[in-house]
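The values are calculated or read from the model by the stated rules, or taken from the named source; none is laboratory data. In this text the structure is predicted, and so the values were computed from the model without any measurement. Here Cβ is always computed from backbone atoms with ideal geometry, including for glycine, and neighbour counts include all displayed protein chains. When the accessible area is computed, the model is the full protein with side chains, heavy atoms only, and any ligands, DNA or RNA have been set aside. Shrake-Rupley method; radii C 1.70, N 1.55, O 1.52, S 1.80 Å.
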Amino acid sequence: MTIPTQATPLGARPAAASAPHHPGIVLFSLAMGGFAIGTTEFASMSLLPFFAADLKIDEPTAGHAISAYALGVVLGAPLIAVLGARFARRTQLLALMLVFALGNAFTALAPSYGWMIAARFLSGLPHGAYFGIAALVAASLVPFDRRSQAVGRLMLGLTSATIIGVPLANLVGQAVGWRASFGLVTVLALLTILFCALFAPRDHASRSDPLRELGALKNGRVWITLAIGAIGFGGMFAVYTYLATTLIEVTKVSPAVIPFFLAVFGIGATLGNLVVPRFADRALMPTTGIILLFSAIALLVFPLAAGNPWLLAADVFAIGVSVSLGAVLQTRLMDVAGDAQALAAALNHSAFNTANALGPFLGGLAIREGLGWTSTGPVGAALALAGFLIWIVAWRDARSAPAEITSGSDAAPLENAPARAAPPLAPDDRSRSDRHKDPVA
């Protein structure tokens with residue numbers, strides 16, 4: 001498929017005069033936003049005791065700030081995707097990062113608990129929409145058969161935050177104060193705005209509309225793909241949430257060693273996002289099923305490995321690898337969402353935040369019932385297997401009636417896009433019947 005051309009307005013600089021940026025630097029710019037988002041999302045958990053003491057509230061109450069952020073993600077992802085349907089994706093990326101920067105700046109300056117809750121909710125609103133739009137842009141930079149790898153590299157920003165960003169923010173929080181940590185995230189968000197302004201592909205305003213985006217909600221394949229993530233990904237969160245306490249109470253390690261295990265998890269997630277998408281580009285649905293089974297096995301092993309720190313480190317690494325499910329499902333949504341690419345991509349992150357609520361809730365129930373800290377492993381394995389059962393339904397449906405491959409045809413032509421067979425970023429004016437004739441559309 002060739003990228004359509006447009007007449008250059010009088011006085012405007014021709015698109016050809018602007019050399020395309022290398023996809024690597026564009027992906028780095030997009031991933032920087034993921035790094036900022038991952039840092040604030042995970043670091044806020046480790047900073048909870050500090051801002052609870054400063055705001056003179058107990059820790060369970062302070063935990064509502066974490067919930068406020070997650071609620072912002074769940075509500076903001078679909079809402080912003082629909083409202084932003086008519087705007088250019090580059091414009092959306094810049095606006096979303098600006099809101100994210102403001103939310104974290106307000107968090108750093110929050111004078112009271114109420115302001116803290118409002119600031120965290122505001123910070124969470126752009127989360128899902130940013131990743132959704134960034135994933136579509138990332139996929140447009142490469143040939144069709146490398147989309148999963150491009151999305152995986154975008155997600156490296158999020159996973160590397162668990163290795164570098166979170167420990168750094170925690171260190172800054174302990175040395176200078178928790179407010180400085182959120183100030184650091186604000187600086188990262190502003191740097192993302194700068195890099196995206198310089199290097200993100202320039203596209204024209206989309207000819208999509210909110211009603212077209214809402215069409216994703218009528219697509220059963222979109223919902224079943226979201227369900228795989230909302231249920232199957234919950235297992236990882238069930239273990240990760242209580243990992244620190246398990247290390248202290250069961251493995252009997254010093255609290256000073258906990259960051260090592262968190263970093264091991266992050267390394268597993270990062271390598272998973274580098275390697276697994278390569279297989280997904282060759283066999284998307286089979287790779288999804290294998291990840292879910294791999295996750296279930298790693299979670300089942302968790303109680304057996306918890307008594308030995310080295311075995312546990314290996315198992316935590318394996319659980320981290322399963323984070324690659326996010327990039328794979330993002331690609332699946334591109335294939336089944338039709339004309340509602342932005343909304344479906346954003347809903348993917350709403351689904352994962354649903355998993356972030358479901359997994360810890362069920363794991364906590366098992367702990368309160370007296371089943372022990374390691375009971376989160378079997379609970380997580382059950383969720384992964386439930387996700388696998390949903391995958392079987394999706395896989396059978398995909399085999400019986402292959403989904404139309406849409407490769408994100410909802411965006412406008414790029415001014416500096418690479419001249420190769422990459423999915424365009426805007427809808428064209430062809431009828432749906434014509435698009436069926438195009439093997440890429």
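Using a Förster radius of 51 Å, what is the FRET efficiency between Val275 and Ser112 based on their Cβ-Cβ separation? Nearest 0.05, please. List each step's numbers first, then the result.
Values: r = 46 Å, r/R0 = 0.90.
The pair Val275/Ser112 has a calculated efficiency of 0.65.
What a 1.4 Å probe finds exposed on the range 236-355 is 75% carbon and sulfur by accessible area, rounded to a whole percent. What a 1.4 Å probe finds exposed on the range 95-194 is 79% carbon and sulfur by accessible area, rounded to a whole percent.
Across the range 302-312, coupling constants 3J(HN,Hα) worked out from phi with the 6.51/-1.76/1.60 Karplus curve, θ = phi - 60°, read 3, x, 6, 8, 4, x, 10, x, 6, 5, 5 Hz, and Gly and Pro carry x. Across the range 356-373, coupling constants 3J(HN,Hα) worked out from phi with the 6.51/-1.76/1.60 Karplus curve, θ = phi - 60°, read 5, 8, 5, x, x, 5, 5, x, x, 4, 5, 5, 5, 7, x, 7, x, 5 Hz, and Gly and Pro carry x.
Rounded to two decimals, the Cα radius of gyration of the range 137-282 over 2.2 N^0.38 Å is 1.33. Using the 1.4 Å probe convention, the accessible area of the range 295-348 works out to 25 Å² per residue with neighbouring protein chains retained. Prolate is the label for the range 239-367. Its Cα gyration tensor axes, ordered a ≥ b ≥ c, give a/c of at least 1.5 and a/b above b/c.
In this simple spin-label model, placing a label point 7 Å from the Cα along the Cα-to-Cβ direction at both Leu75 and Leu102 gives a separation of 1.6 nm. The length gained on full extension between His22 and Val253, counted as 0.36 nm times the residue separation minus their Cα-Cα distance, comes to 78.6 nm.
Full extension of the chain between Phe260 and Ile392 yields a length gain of 43.9 nm, computed as 0.36 nm times the residue separation minus the alpha carbon distance. Here r is the Cβ-Cβ distance between Phe144 and Leu304 and R0 is 41 Å; the resulting FRET efficiency, rounded to 0.05, is 0.45.
Backbone phi angles across the range 243-250, fed through the Karplus curve with coefficients 6.51, -1.76 and 1.60 (θ = phi - 60°), yield HN-Hα couplings of 5, 4, 5, 4, 4, 6, 7, 10 Hz in residue order; Gly and Pro are listed as x.
Between Ile248, Thr225, Ala269, the Cα set farthest toward the positive side of the dipole of the range 211-305 (charges on each charged residue's Cβ, about the Cα centre) is that of Thr225. Take the range 328-387, drop everything but the C-alpha atoms, weight them equally and run the Debye formula without solvent; then report log10 I(q)/I(0) at 0.22, 0.26 Å⁻¹ to two decimals. Log10 of I(q)/I(0), two decimals: -0.83, -0.99.
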